[in-house]
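The structure appears right after this line, and notes come after that.
The values are calculated or read from the model by the stated rules, or taken from the named source; none is laboratory data. The model shown is predicted, which means the values in this text are computed figures rather than measured ones. Cβ sites come from the backbone with ideal geometry, for glycine too, and all protein chains shown count toward neighbours. All accessible areas refer to the heavy atoms of the entire protein, side chains included, with ligands and DNA or RNA removed. Shrake-Rupley method; radii C 1.70, N 1.55, O 1.52, S 1.80 Å.
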Amino acid sequence: MLRSLRPLGWLWLWVLHSLEQLALPAASGREIDVAHYRERVKSMFYHAYDNYLENAFPYDELRPLTCDGQDTWGSFSLTLIDALDTLLILGNVSEFQRVVNVLQEGVNFDIDVNASVFETNIRVVGGLLSAHLLSKKAGIEVEAGWPCSGPLLRMAEDAARKLLPAFQTPTGMPYGTVNLLHGVNPGETPITCTAGIGTFIVEFATLSHLTGDPVFEDVARKALKTLWKNRSSIGLVGNHVDVTTAKWVAQDAGIGAGVDSYFEYLVKGAILLQDEELMSMFLDYNKAIKNYTKFDDWYLWVQMYKGTVSMPVFQSLEAYWPGLQSLIGDIDSAMRTFLNYYTVWKQFGGLPEFYNIPQGYTVEKREGYPLRPELIESAMYLYRATRDPILLELGRDVVESIEKISKVDCGFATIKDLRDHRLDNRMESFFLAETVKYLYLLFDSDNFIHNNGSSFDVVLTPYGECVLGAGGYIFNTEAHPIDPAALHCCWKQKEEQWEVEDLLREFYSLKRNKKFTFTRTSDKMEKDSADTSSEDCKGPMCSKQKTKGRIPLLSCPSQPFNSKLAVLGQVFLDNT
């Protein structure tokens with residue numbers, strides 16, 4: 001039993017932070033013009049996006065210094081897939097609709113390409129799933145049965161099935177690369193990074209719940225459990241492992257490169273699936289991380305079996321950690337670590353890939369900044385939790401720095417060296433999927449992504465009514481938002497569903513002394529217009545439904561609250 005877990009929505013995080021304000025340093029500087037920077041971020045997006053379309057499409061990425069394109073992760077028009085949900089978050093419905101048509105007509109996964117299993121999952125499968133779930137909001141006429149069916153869902157499923165051969169190992173941990181046409185190459189290396197093994201549960205569980213095929217969630221869970229089983233005696237994992245033998249090849253333990261999104265997906269998977277086992281795993285890891293790797297609100301790298309320091313460095317990828325800490329309510333620690341990382345940004349105008357903490361400077365050959373989003377991601381999460389203006393200052397500094405250092409005629413270029421601001425000829429797709437998106441959401445508190453449950457849509461599926469768009473979106477590690485409510489729309493046996501609902505309808509009708517009567521009209525249940533009472537229904541979902549004048553059949557009376565989607569992002573209730 002997880003005794004310490006409480007509801008951890010944005011409102012709860014704000015309450016926690018309000019009790020801890022005295023522990024945080026006061027923000028400085030004049031007030032940030034949020035609307036001004038929101039428009040600046042939008043202009044950044046279109047400068048990059050338009051140049052990709054003009055100079056690089058249908059290649060994966062834009063090369064901004066030579067104004068052309070290149071394939072990098074598999075020849076998927078990757079930047080277009082990665083940018084799709086950002087278009088809707090920026091309010092561009094017409095372009096979202098156009099791109100959906102382009103992708104349906106032009107993207108094919110039956111190609112003889114060796115693709116990264118990890119990158120294809122987070123960018124392609126995650127991007128398509130998110131776009132599928134946002135289609136109705138974008139004004140697309142969805143097919144009957146949506147969100148349990150649809151062309152983008154079928155594309156996501158097709159892409160994910162191409163990855164399944166990688167999981168056919170003795171341990172269930174996947175190979176790092178798979179050929180999309182032929183499966184795993186005979187000579188493929190069995191060495192995979194920890195993140196490349198533990199970063200599937202968000203996308204694969206969503207896919208299983210929407211399609212009804214459990215294979216995706218099953219393989220993702222097996223990989224997670226194998227990592228957990230092979231942690232060290234002091235509770236840490238290394239960053240590279242042999243997927244055929246489960247032997248750790250690289251035994252450096254930390255929160256950064258090679259490990260990062262494994263921890264992220266334990267937390268996000270727990271929230272998405274209301275899964276106490278995943279959260280329990282993370283909390284145990286979190287104790288070990290604090291005990292062995294945390295020094296003065298920095299996180300170092302240590303030997304996974306001994307806990308001795310192996311690398312006293314901060315990596316830019318580690319900047320996601322304060323945002324992740326905010327999701328479990330550890331605001332005070334998150335803010336202190338965030339402020340450490342922010343000092344590095346101020347020193348260079350960006351985060352170098354590696355930063356030597358004792359020396360206070362970059363590490364040789366790791367001086368670059370490829371416009372990564374992680375520090376901005378943490379700022380967005382923490383600002384939602386605290387409203388601390390220093391987080392807006394970070395957003396302002398990022399906009400000013402990227403535009404000054406990285407902007408070129410054909411887009412935004414990777415910074416090859418933060419010491420002299422030399423540029424490299426690459427603009428990774430995550431710049432539009434993550435960096436710009438998190439910046440925009442930091443400056444746009446009224447965006448639909450931040451919905452607190454005050455509005456929602458009721459959608460009819462073949463399995464009953466479904467509440468969507470109520471908020472609580474879970475971002476995958478490529479910043480593609482997944483609506484957790486959607487996982488409750490389709491996960492039932494088609495041939496049994498109506499029979500079960502018929503029995504429950506009869507049972508609750510008798511239980512309430514016929515206060516409620518239901519009729520099925522066009523395959524949906526309608527509340528009798530004569531009824532005016534709903535005393536038996538409690539909780540946020542029911543109060544919202546009452547305002548609509550109707551209650552889904554399988555709503556609050558038939559399920560305990562802790563099994564319902566919590567629109568404010570609550571994780572678990574403590575019933576002890």
Query raised in the report: Restricting attention to the stretch 388-400, and to residues there that are under 19 Å from Pro322 (Cβ atoms) and not charged (D, E, K, R), which single residue is most open to solvent (accessible area, probe 1.4 Å)?
Result: Pro389
Query raised in the report: Does Asp213 count as surrounded by fewer than 23 Cβ atoms within 10 Å (Cβ to Cβ), out of contact with any strand residue (DSSP E or B) (no Cβ under 6 Å at 6 or more places or on another chain) and assigned to a helix (DSSP H, G or I)?
Result: no
Report summary line: Scanning the stretch 181-200 residue by residue, the ones that are touching a Gly at 6+ places or on another chain (Cβ under 7 Å), surrounded by 23 or more Cβ atoms within 10 Å (Cβ to Cβ) and not in a helix (DSSP H, G or I) total 2
**Report entry** Restricting the stretch 411-444 to residues that are open to solvent by 10 Å² or more (accessible area, probe 1.4 Å) and either touching a helix residue (DSSP H, G or I) at 6+ places or on another chain (Cβ under 6 Å) or without any contact (Cβ under 8 Å) to a residue 12 or more places away in the chain (or both), the residue that is farthest from Gln347 (Cα to Cα)
**Finding:** Asp444
Requested in this report: Kindly establish whether Val178 is in contact with a Phe, Trp or Tyr (Cβ under 8 Å, 6 or more places away or on another chain), open to solvent by less than 40 Å² (accessible area, probe 1.4 Å), modelled with pLDDT of 95 or more and β-branched (Val, Ile, Thr).
Outcome: no
Report task. Being of a type in the set (S, T, N, Q), at pLDDT 95 or above and more than 19 Å from Ala250 (Cβ to Cβ) narrows it down to one of Gln315, Gln274, Gln303, so name that one. Result -> Gln274
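Here's the yes/no breakdown for (1) touching a strand residue (DSSP E or B) at 6+ places or on another chain (Cβ under 9 Å); (2) crowded, with 19+ Cβ neighbours inside 10 Å; (3) among the basic types (Lys, Arg):
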| site | (1), (2), (3) |
| --- | --- |
| Glu61 | yes, yes, no |
| Cys67 | yes, no, no |
| Ser77 | no, yes, no |
| Thr86 | no, yes, no |
| Val93 | no, no, no |
| Glu105 | no, no, no |
| Asp110 | no, no, no |
| Val117 | yes, yes, no |
| Val124 | yes, yes, no |
Requested in this report: Search the stretch 26-44 for residues being at pLDDT below 95 and among the small types (Gly, Ala, Ser), and hand back the single one that is surrounded by the most Cβ atoms within 10 Å (Cβ to Cβ).
Outcome: Ala27
Query raised in the report: How about the stretch 373-488: which strands (runs of 3 or more DSSP E) wholly inside it have at least 2 residues that are aliphatic (A, V, I, L, M)?
Result: 457-461, 464-468
